[in-house]
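Encoded as structure tokens, the structure appears first; notes follow it.
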């Protein structure tokens, strides 16, 4: 399943919008490393601290930040506290696959 960031990137590639593609490829240069955790925790005050193009939405930044963290280290499940690469986000909280299946079977 592709993230929103990946979908937007592929859409811009299809349209041939080189300027936006270039910005997305170099997003690490525009967003400081210290802001990634704040973006993931849905702290929108980050938008006041960075200069980004108007076409960049909060959802795009959030998707990028989550993907970046996922590549660096697996997410920590809010239910069991273990790290796992496979899982889902629910209300910006990560739930590992095992806990998600257990919750699903309860209902």
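Extension gain for residue 3-residue 105 works out to 34.1 nm (0.36 nm per residue, less the C-alpha to C-alpha distance).
Just want to confirm a number: the relative contact order over the chain, from Cα pairs under 8 angstrom separated by 6+ residues, in percent.
19
Ratio to report: Rg/Rh of the chain, with Cα atoms as the point set and Rh obtained by the Kirkwood method; give two decimals.
Details: Rg = 15.6 Å, Rh = 15.2 Å.
Over the Cα atoms of the chain, Rg/Rh equals 1.02.
The C-alpha atoms of the chain define a longest principal axis, and helix 58-72 lies at about 60 degrees to it. Potential lengthening of the chain between residue 97 and residue 18 amounts to 24.7 nm, from the contour at 0.36 nm per residue minus the alpha-carbon distance.
Could you please rank 55, 23, placing first whichever residue has the fewest other Cβ atoms within 10 Å of its Cβ?
Values: 55 12, 23 17.
Result, fewest neighbours first: 55, 23.
Here the extension length gained between residue 59 and residue 78 equals 4.7 nm, from 0.36 nm per residue of separation less the Cα-Cα distance.
A short reminder: the numbers here are calculations on the coordinates, not readings from a lab. Owing to the predicted nature of the structure, the values given are computational and were not obtained by experimental measurement. Methodologically, a virtual Cβ is constructed for each residue, glycine included, from the backbone with ideal geometry; neighbour enumeration extends over all protein chains shown.
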